[in-house]
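The structure under discussion appears below in the form of structure tokens.
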Amino acid sequence: MFKKKPFFVVFEGVEGCGKSYQSQKLKKNLEKKGVNLVLTREPGGTRIAESIRRLILIDYFNRGKKENFDKYTDTLLYLAARNEHIKNKIKPALQKKKVVICDRFTDSTLAYQVYGKKVNRNFIDHIHKFILQGIKPNITFILKVSSKSSKLRLKKRRTKNRYDKFSQSFYTKAQRSFLQLARNKKNYFILNSSSNNSDLEKKIFKIVCKYLKIK
Ligand code: TMP
């Protein structure tokens, strides 16, 4: 039997790495074991945070227009969405001893805004001090994908995302940043997600079960 405890699992990686797919698979597998959980995503996860997400995405489709979000505006929007998400969804769920599975979290800000766009790290760390409320992922899965597989998956998507337009070098850089963030950290798991078989799903489930002491 599963003994209830707060547990925060995060999936990170570049677009087309299969994060959303794997988070859903993990949700299904844990629910079969009777685990009470919340599956959520960033940016988004609450009504207000989802509106902020739309705002960020709209701006991207306006690229080329004279006025676009400054990189600090963009960053503040991600952080604003995170604040809403933590306060109204993640924290309450953890307080109820639920398992929270989140598709992206703070490492995405470090990979995309800090490493990618050169936003000042102190700026982000400082705001995080006010909004994170001590919440840290118990484990993070970094899904590593080849550019070929990621491109193929993105092509199959019906709704185009702003990131489908990013250059290959941006992906490569973002992936390298995720791998660097995971380096020498015990609670990070770098897993290859290039092939489309069920091995990865099983691997992830096994790791989480070990942490949650599920037999
Ligand atoms: P996704 O939901 O398709 O993964 O798209 C979310 C996008 O938002 C993804 O390209 C990464 C980006 N992002 C940031 O740039 N910074 C952040 O802090 C987060 C959470 C996401």
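The values are calculated or read from the model by the stated rules, or taken from the named source; none is laboratory data. Since the model is a prediction, treat every value here as computed from it, not as a measurement. Virtual Cβ from ideal backbone geometry, glycine too; neighbours counted across all protein chains shown.
Quick one: which residue in L110, L154 is over 14 Å from Y78 (Cβ atoms), of a type outside the set (D, E, K, R), within 11 Å of the ligand (Cβ to nearest atom) and in a helix (DSSP H, G or I)? Talk me through it step by step, then tell me what you get.
Working: L110 fails: over 14 Å from Y78 (Cβ atoms).
Going through L110, L154 in turn, the sole match is L154.
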Checking K3 against (1) in contact (Cβ under 8 Å) with a residue 40 or more places away in the chain; (2) touching a helix residue (DSSP H, G or I) at 6+ places or on another chain (Cβ under 9 Å); (3) within 15 Å of the ligand (Cβ to nearest atom), which single condition isn't satisfied? (3)
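State all residues of segment 99-147 that are acidic (D, E) and within 19 Å of K206 (Cα to Cα); if no residue qualifies, say none.
The answer is D103, and nothing else.
Looking only at segment 113-149, which residues are in a helix (DSSP H, G or I), among the hydroxyl-bearing types (S, T, Y) and either within 11 Å of the ligand (Cβ to nearest atom) or crowded, with 16+ Cβ neighbours inside 10 Å (or both)?
Correct list: Y115, S149.
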Look at L179 and say whether it is surrounded by 14 or more Cβ atoms within 10 Å (Cβ to Cβ), more than 11 Å from the ligand (Cβ to nearest atom) and within 16 Å of the chain's Cα centre (by Cα). yes
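Report the residue count in segment 1-32 for those that are assigned to a loop (DSSP other than H, G, I, E, B) and either modelled with pLDDT under 95 or under 23 Å from S194 (Cα atoms) (or both).
Quick first cut of segment 1-32, residues assigned to a loop (DSSP other than H, G, I, E, B) only: 1-6, 13-18.
If we keep only those that are either modelled with pLDDT under 95 or under 23 Å from S194 (Cα atoms) (or both) as well, we get 1-5, 13-18.
Number satisfying all stated conditions: 11.
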Can you pull out the residues in segment 92-107 that are more than 16 Å from the ligand (Cβ to nearest atom) and surrounded by fewer than 24 Cβ atoms within 10 Å (Cβ to Cβ)? P92, A93, L94, Q95, K96, K97, K98
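Taking the stated definitions as given, is K97 in a helix (DSSP H, G or I) and touching a residue at least 40 places away in the same chain (Cβ under 8 Å)?
Against the criterion (in a helix (DSSP H, G or I) and touching a residue at least 40 places away in the same chain (Cβ under 8 Å)), K97 does not qualify.
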Quick check on N192: is it without any contact (Cβ under 8 Å) to a residue 12 or more places away in the chain and not hydrophobic (A, V, I, L, M, F, W, C)? no
Can you pull out every residue in segment 64-94 that is polar (S, T, N, Q) and not in a loop (DSSP other than H, G, I, E, B)? T73, T75, N83, N88
